[in-house]
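Comments concern the structure below.
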Amino acid sequence: QVQLVESGGGLVQPGGSLRLSCAGTGSIFNIASMAWYRQAPRKGRELAALISSSSSPYYADSVKGRFTISRDNDKNMLYLQMNSLKPEDTAVYYCNVLTSIGGMYWGKGTLVTVSS
């Protein structure tokens, strides 16, 4: 059974940094992409960053230049380094895996709160 477990969220002051991790267990074949989505209070879920099977990254305009997505295939890990955090980055962050045959997996999320 596939499970994705996020960690690394917490409370941080504006301008601070956090590193999110997503640990994958079980076997996922034909991964097309891995991504971080986020959902702010009273808003819909949005894509923050994505990394393709060839490790090409994509970033939403709102996080470009501040967030870095990376993956470690040997350890089944996905990371999101978040720098220069802003209050508007406050959200639950979800790990996502998409396979080339249409399978999709989600973690349960980790809360990031940016506040002074």
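Of the residues making up the stretch 74-100, just one is under 16 Å from Ser52 (Cβ atoms) and either open to solvent by 60 Å² or more (accessible area, probe 1.4 Å) or part of a loop (DSSP other than H, G, I, E, B) (or both), namely Ser100. In the stretch 103-116, the residues that are under 25 Å from Pro87 (Cβ atoms) and in contact (Cβ under 8 Å) with a residue 24 or more places away in the chain form Cβ pairs under 8 Å with partners that are outside any loop (DSSP other than H, G, I, E, B) and among the small types (Gly, Ala, Ser), at six or more places apart or across chains, as follows: Thr110/Ser7; Leu111/Gly10; Leu111/Ala91; Val112/Gly10; Val112/Ala91; Thr113/Gly10. For the stretch 58-73, check the following and say yes or no: at least one residue is open to solvent by 30 Å² or more (accessible area, probe 1.4 Å), more than 13 Å from Ile28 (Cβ to Cβ), of a type in the set (D, E, K, R) and not in a loop (DSSP other than H, G, I, E, B). There is at least one residue in the stretch 58-73 that is open to solvent by 30 Å² or more (accessible area, probe 1.4 Å), more than 13 Å from Ile28 (Cβ to Cβ), of a type in the set (D, E, K, R) and not in a loop (DSSP other than H, G, I, E, B). Tally the residues that are out of contact with any Leu (no Cβ under 6 Å at 6 or more places or on another chain), surrounded by fewer than 17 Cβ atoms within 10 Å (Cβ to Cβ) and not in a loop (DSSP other than H, G, I, E, B), restricting the search to the stretch 22-56. Summing the residues that are out of contact with any Leu (no Cβ under 6 Å at 6 or more places or on another chain), surrounded by fewer than 17 Cβ atoms within 10 Å (Cβ to Cβ) and not in a loop (DSSP other than H, G, I, E, B) in the stretch 22-56 gives 7.
Just the residues that are free of Cβ contacts under 8 Å to residues at least 12 places away in the same chain and under 12 Å from the mean Cα position of the chain (by Cα), please, taken from the stretch 59-93. Across the stretch 59-93, the qualifying residue is only Tyr59. Could we say that Pro14 is under 25 Å from Ser116 (Cβ atoms) and not polar (S, T, N, Q) here? Yes; evaluated as a whole, the condition is true for this residue.
The values are calculated or read from the model by the stated rules, or taken from the named source; none is laboratory data. For clarity, every value in this text was computed on a predicted model and none was experimentally measured. In this analysis, Cβ positions are derived from the backbone assuming ideal geometry, glycine residues included, and neighbour counts consider all displayed protein chains. Just the protein is used for accessible areas: all its heavy atoms, side chains included, with ligands, DNA and RNA removed. Shrake-Rupley method; radii C 1.70, N 1.55, O 1.52, S 1.80 Å.
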